Every structure is written in C-alpha cells, then in structure tokens.
1. Output the residues belonging to region 121-140 that are over 15 Å from the mean Cα position of the chain (by Cα) and surrounded by fewer than 15 Cβ atoms within 10 Å (Cβ to Cβ).
2. Are any of the residues in region 167-179 surrounded by 13 or more Cβ atoms within 10 Å (Cβ to Cβ) and within 18 Å of residue 42 (Cβ to Cβ)?
3. Would you call residue 118 out of contact with any strand residue (DSSP E or B) (no Cβ under 7 Å at 6 or more places or on another chain), over 17 Å from residue 29 (Cα atoms), surrounded by 21 or more Cβ atoms within 10 Å (Cβ to Cβ) and at pLDDT below 95?
4. Are there helices (runs of 4 or more DSSP H) fully within region 1-115 with at least 2 residues that are over 22 Å from residue 186 (Cα atoms) and modelled with pLDDT of 85 or more? List them.
5. Looking only at region 58-80, count how many residues are more than 24 Å from residue 47 (Cβ to Cβ) and either touching a helix residue (DSSP H, G or I) at 6+ places or on another chain (Cβ under 9 Å) or buried (at least 19 other Cβ atoms within 10 Å of the Cβ) (or both).
6. Report yes if residue 183 is in contact with a helix residue (DSSP H, G or I) (Cβ under 8 Å, 6 or more places away or on another chain), buried (at least 17 other Cβ atoms within 10 Å of the Cβ) and assigned to a strand (DSSP E or B), otherwise no.
7. Could you tell me which of the residues 151, 83 is surrounded by fewer than 14 Cβ atoms within 10 Å (Cβ to Cβ) and in the same structural domain as residue 31 (by TED's automatic domain parsing)?
8. Inside region 92-111, can you point out the residues that are more than 26 Å from residue 48 (Cβ to Cβ) and surrounded by fewer than 20 Cβ atoms within 10 Å (Cβ to Cβ)?
C-alpha cells in the first residue's frame with residue numbers, strides 16, 4: 001500500500017520509535033468474492049464470512065499490540081466491510097486500507113483505497129488512492145487506457161501471474177515505459193517463490 005507523505009512519515013516514526021509494534025496487519029474478513037477470476041487464489045465460494053466475535057478478538061489483539069494500520073481483505077472485503085466496521089476500526093486506533101475489485105461502492109472512512117478492476121466486471125468505485133490493474137487481460141473493458149481518466153492518484157500495472165509471467169512482466173514494463181502515468185506493481189513474495 002502506498003500512502004501520502006504525512007501517512008508515510010507517521011509510519012516511519014512509528015517504526016523508529018519501537019520495533020515491538022506491527023505497522024500493518026491484514027485481516028481476512030471473508031473468503032467469498034462476487035467474481036471468479038481464473039488467476040486469483042484469494043477467494044472461494046463456500047466459506048462463511050469470518051464470525052464477528054472472532055474478528056473482534058483479532059482486532060482487540062492487534063490494538064493491544066498497538067498496530068498502526070489494518071487492511072481488511074478477502075475474497076472481496078466489501079461484501080462484509082461496511083461504514084460501521086470502518087468506524088469501529090478507527091475507534092480502536094487503526095488507519096484502514098482496503099483493496100477491492102471495485103464492483104461495490106466503498107463505504108466512507110477508508111484511509112487508503114486500492115481498486116483492482118477485473119475483466120469485464122462492472123466498475124462501481126471510480127475513484128480512490130490507487131488503481132491496480134492485472135496486466136494483460138484479454139477483455140477490452142480491462143485495458144489500461146480505459147482507466148486513465150478516472151479519479152485515482154496512482155495507476156499501477158501488475159503482471160498477470162500465470163505460466164507466461166515473464167512475458168507478462170516484460171509487457172507491463174514496456175507499457176509503463178511508453179505510458180509514464182502508469183507504474184509497475186510487483187508481488188514480490190511471488191517473485192521470491194513465497195506463496
């Protein structure tokens with residue numbers, strides 16, 4: 001997650017002040033998704049949402065650790081995350097960052113919003129901090145030029161991680177070099193062989 005300079009300074013100060021407190025924790029709120037992208041390994045269609053008491057327990061533990069930011073994830077986190085949940089996370093002292101497929105309008109209060117559009121899925125969330133597009137995608141609705149006029153501060157291309165990953169990475173790099181508004185996004189853990 002990238003953030004504005006004030007957020008980056010706060011995180012840096014937090015990290016320098018103490019190594020005993022996590023900066024960022026990802027909290028799985030659901031494994032369900034309203035899409036079924038062939039390349040995604042973050043969802044399923046049969047798991048129940050994480051029970052609210054278990055989420056409260058996890059959030060409480062992270063608050064006791066003085067974690068700075070939480071990133072509710074899934075599947076599609078906006079299937080379960082609403083304005084009340086975001087308000088509760090803020091009340092517990094967290095900054096909140098979310099990555100969504102953009103098919104559901106994001107509730108107010110999210111501190112950092114990343115939208116990652118998929119294929120020909122209808123895009124409801126047309127603004128945010130960053131737009132991260134898996135590249136290449138075959139659908140004409142998922143081409144980078146379609147998103148350049150939307151209200152996102154940052155535009156990222158992330159190479160499609162499939163059997164053609166090296167070629168996809170080269171294609172993403174070439175596109176970014178030819179279109180400087182776009183920047184490259186890499187899933188470093190996958191490049192290192194950590195799945």
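The values are calculated or read from the model by the stated rules, or taken from the named source; none is laboratory data. Every value quoted in this text rests on a predicted model; they were computed, and no experiment measured them. In this analysis, Cβ positions are derived from the backbone assuming ideal geometry, glycine residues included, and neighbour counts consider all displayed protein chains.
1. Those that are over 15 Å from the mean Cα position of the chain (by Cα) and surrounded by fewer than 15 Cβ atoms within 10 Å (Cβ to Cβ): 122, 124, 138, 139, 140.
2. So far as region 167-179 goes, no, none of its residues is surrounded by 13 or more Cβ atoms within 10 Å (Cβ to Cβ) and within 18 Å of residue 42 (Cβ to Cβ).
3. So residue 118 fits the description; yes.
4. Working: elements: 5-17, 52-64, 83-91.
Result: 52-64, 83-91.
5. Here the count works out to 4.
6. no
7. 83
8. Applying the first criterion (more than 26 Å from residue 48 (Cβ to Cβ)) to region 92-111 yields 93, 95, 108, 111.
Passing the criteria: 93, 108, 111.
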